[in-house]
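S.K.: Just passing along the structure, written as structure tokens.
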Amino acid sequence: MTDQADKSLHDVTVIGAGIVGLCCARTLQRRGCTVTVIDRVDPGMGTSYGNAGVFSTSAVMPEGKPGVWKKVPGWLLDPLGPLTIRPRYLPRLTPWLLRFIANSTPRRVEEISRALSSITFPGLEHYRALLDDVPDDQSPIRRQGCLYLSPNPADVAAAKADNETRRRRGVALEMLGPDEIRQLLPAIGPEMAGGALATESGHAVSPLALSQLLAAWIEADGGRFIRANVTGFAIGADGPTHVHTDHGNAEIEDLVIAAGAFSKPLAKILGNDLPLDTERGYHMMLPQPNVEVRVPMLISSLGFGVTPMSDGLRLAGTVEFGGVEALPNYARAEALLTHAKRLFPDLNDSGKEPWMGHRPSFPDSLPVISRSSRFNRVFYAFGHGHLGLSLGAVTGRIMADLLQDRPAEIDPTPFRADRF
Ligand SMILES: Cc1cc2nc3c(=O)[nH]c(=O)nc-3n(C[C@H](O)[C@H](O)[C@H](O)COP(=O)(O)OP(=O)(O)OC[C@H]3O[C@@H](n4cnc5c(N)ncnc54)[C@H](O)[C@@H]3O)c2cc1C
């Protein structure tokens, strides 16, 4: 123990230096714990590197909606659609898919929506608290809102129900017509019927810079980073005593698994077989886009977003089920570009860079932020799906409360590992 007198000052090892692991480590460190972060790549270089950068304080709906099962045949047939399943992966995905469909009933959607809003809504406030010692001009976070854009009248009608749910959950929305949208997106073409601006949302002008900032503060305050691939654990009667890596073994006290889409095998070794899969997503980075986009925008009907970042314009999104091992299909990133060029006819794609990452996803669209059901000193923080950036800081807060046995500010029950 770091401090025999204070039992809340733990010695914590975090596996995973993505946004979730870094936020957990930094929150625990600020509360006096000693932290070690292990990752096989540099901080922030996993899925947290390439997301759309949106802090979705307005994301209150799960991915599965009533009637979703009717769409499955189409997902199998269109490899470039907004959501696709690689046919060869279907047998492995089927148990996950059945749970996903079971979580898409109106009753479950309502329950999940309530749980989601308890963490998405205060997401940005928790970043503000976590970064309160960072000067404003160093923060990569902007709070200019996020536009849900509907390219055609049918999308406006389809978005109505989602917007009503958002409002019911307390999300501030401003409905915008074409003229108001043109003020935010001067280069938008004729394919645009309306939109809703979630005024309290924000975005990161560089998700990587945010991770690097957290890593730098953790290191400056004495945290340790180990660059290694975790392969297993030595497990004693009370839980894991050592972590095994390709660079040797390290002694551990408290352990947080925050390895994103790669957490499943680690949790399984520790006795929790959780239904985690991955929704692979793509981005296309455009360093000289030649169009002005003043706020990030999400186009639900096409399954992607467009975000202004410090190094260009990022088109990011789509869902592909194909597991963690299959090679990327960058035609999916090209498809994003095709859609974006219809929205912004003058878009310049010279120097474009495609990327693919692995969203860590549970079939009920909720993360696991939980003590292990097997060992008292093992904790899980993974499965944040489409919302890991938005939920990093709030996850760190919930994790620190759990680990230090403090009264919970946010009810952690919906995020328990033993819900499955
Ligand atoms: C295209 C796309 C767009 C997205 N847009 C948004 C958005 O706008 N807003 C939002 O909130 N979210 C968004 N997301 C989701 C978000 O990016 C993820 O939920 C989030 O990055 C998950 O963070 P993480 O820390 O759990 O995982 P990661 O960032 O993947 O970090 C996990 C880390 O664990 C390490 N690791 C894994 N296994 C091991 C091991 N055995 N040994 C050592 N290290 C290991 C990995 O190297 C990695 O660095 C998007 C995702 C995608 C793909």
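Read-outs throughout are calculated quantities, based only on the coordinates presented, and are distinct from any laboratory measurement. Keep in mind that this is a model prediction, so the values were computed, not measured. Counting neighbours? That spans all protein chains shown, and the Cβs are built from the backbone with ideal geometry, glycine included.
S.K.: Among bridges DSSP assigns within the chain, what percent are antiparallel (round to 5)? Each step should come with its number before you reach the end.
M.R.: On the way: 52 of 74 bridges.
The antiparallel proportion sits near 70 percent.
S.K.: Next question, about the same structure. I'd like the orientation of helix 106-120 relative to the chain: the angle between its Cα long axis and the longest Cα principal axis, in ° from 0 to 90, rounded to 10.
M.R.: Tilt of helix 106-120: around 70 degrees.
S.K.: Ranked from highest to lowest mean number of other Cβ atoms within 10 Å per residue, what is the order of the peptides 345-354, 258-267?
M.R.: Working: 345-354: 14.5, 258-267: 23.4.
Top to bottom by mean Cβ count within 10 Å: 258-267, 345-354.
S.K.: So what's the angle, to the nearest 10 degrees on a 0 to 90 scale, between helix 19-30 and the longest Cα principal axis of the chain?
M.R.: Once rounded, the angle reads 50 degrees.
S.K.: Relative contact order, percent, of the chain when contacts are C-alpha pairs under 8 Å separated by at least 6 residues? Intermediate values should be presented prior to the final figure.
M.R.: Values: 965 pairs, mean separation 106.9, N = 420.
Reported as a whole number, the value is 25 percent.
S.K.: Below 10 angstrom from the Cβ of A259, what's the summed charge of the other residues (Lys, Arg +1; Asp, Glu -1)?
M.R.: Working: positive: R40, K264; negative: D39.
Summing Lys and Arg as +1 and Asp and Glu as -1 gives +1.
S.K.: Further question on the same structure: Label the range 12-115 by shape, choosing from rounded, prolate and oblate, from the square roots a ≥ b ≥ c of the eigenvalues of the Cα gyration tensor; if a/c is under 1.5 it is rounded, and otherwise prolate applies when a/b is larger than b/c, oblate when it is not. Please report the intermediate quantities before stating the final value.
M.R.: Working: a/c = 2.49, a/b = 1.74, b/c = 1.43.
Prolate.
S.K.: Take the alpha carbon atoms of the chain, find their radius of gyration, then divide it by 2.2 N^0.38 Å using N residues; give the quotient.
M.R.: Numbers: Rg = 20.9 Å, N = 420, 2.2 N^0.38 = 21.8 Å.
Its radius of gyration relative to the 2.2 N^0.38 Å reference: 0.95.
S.K.: Let me ask another. Counting other beta carbons within 10 Å of each Cβ, put I112, I369, I218 in order, fewest first. Walk me through the numbers on the way to the answer.
M.R.: Working: I112 21, I369 30, I218 24.
The fewest-first ordering by Cβ neighbours comes to I112, I218, I369.
S.K.: On a 0 to 90° scale, report how tilted helix 331-343 is relative to the longest principal axis of the chain, with both axes built from alpha carbons and the result rounded to the nearest 10.
M.R.: Result, in degrees: 40.
S.K.: Provide the descending list of Cα extents for the range 280-382 along its principal axes, expressed in whole angstroms.
M.R.: 56, 30, 25
S.K.: If you don't mind, another one. Can you tell me how the range 107-192 classifies by the Cα gyration tensor, rounded, prolate or oblate, using a/c under 1.5 as the rounded cut?
M.R.: Numbers: a/c = 3.28, a/b = 1.20, b/c = 2.74.
It comes out oblate by the Cα gyration axes.
S.K.: How much length, in nm to one decimal, is gained on full extension between M175 and E353, taken as 0.36 nm per residue of separation minus their Cα-Cα distance? Each step should come with its number before you reach the end.
M.R.: On the way: separation 178, 0.36 × 178 = 64.08 nm, distance 3.34 nm.
That pair, M175 and E353, stretches by 60.7 nm at full extension.
S.K.: Oh, and also: Just want the ordering: Y89, Y127, from fewest to most Cβ atoms lying within 10 Å of their own Cβ. Don't jump to the answer; show the numbers that get you there.
M.R.: Numbers: Y89 16, Y127 25.
Neighbour counts put them in this order, fewest first: Y89, Y127.
S.K.: State whether the range 177-293 is rounded, prolate or oblate according to the following rule on the C-alpha gyration tensor (a ≥ b ≥ c being the square roots of its eigenvalues): a/c under 1.5 gives rounded; otherwise a/b larger than b/c gives prolate, and the remaining case gives oblate. Display every interim value, and only then the final one.
M.R.: Details: a/c = 3.24, a/b = 2.35, b/c = 1.38.
Prolate, since a/c reaches 1.5 and a/b exceeds b/c.
S.K.: Continuing with the same structure: Grab the other residues whose beta carbon is less than 13 angstrom from that of P186, score K and R as +1, D and E as -1, and report the net. Walk me through the numbers before you get to the answer.
M.R.: On the way: positive: R182, R294; negative: D179, E180, E292, D346.
Every neighbour counted, the sum reads -2.
S.K.: Determine by what factor the alpha-carbon radius of gyration of the range 102-259 differs from 2.2 N^0.38 Å, reporting the quotient. Let's see the in-between values first.
M.R.: On the way: Rg = 22.2 Å, N = 158, 2.2 N^0.38 = 15.1 Å.
The reported ratio for this selection is 1.47.
S.K.: Go ahead and estimate [θ] at 222 nm for the chain from helices alone: -39,500 (n - 2.57) per DSSP H run with n ≥ 4, summed, over the residue count, rounded to 500.
M.R.: Numbers: 11 runs with 127 residues, N = 420.
Helix contribution divided over all residues of the chain: -9500 deg cm²/dmol.
S.K.: Simple spin-label model, 7 Å along Cα-to-Cβ: R142 to D42 in nm?
M.R.: About 2.4 nm separates the two model spin labels.
S.K.: Pulled fully out, how much extra length does the chain show between D246 and R108, if you take 0.36 nm times their separation in residues and subtract their Cα-Cα distance? Mind dumping the intermediate values first?
M.R.: On the way: separation 138, 0.36 × 138 = 49.68 nm, distance 4.20 nm.
Length gained, D246 through R108: 45.5 nm.
S.K.: How much length is gained on full extension from K341 to D133, taking 0.36 nm per residue of separation minus their Cα-Cα distance?
M.R.: Gain on stretching K341 to D133: 70.8 nm.
S.K.: So for T13, T199, T338, fewest C-beta neighbours within 10 Å to most, what's the order?
M.R.: In increasing order of surrounding Cβ atoms, one gets T338, T199, T13.
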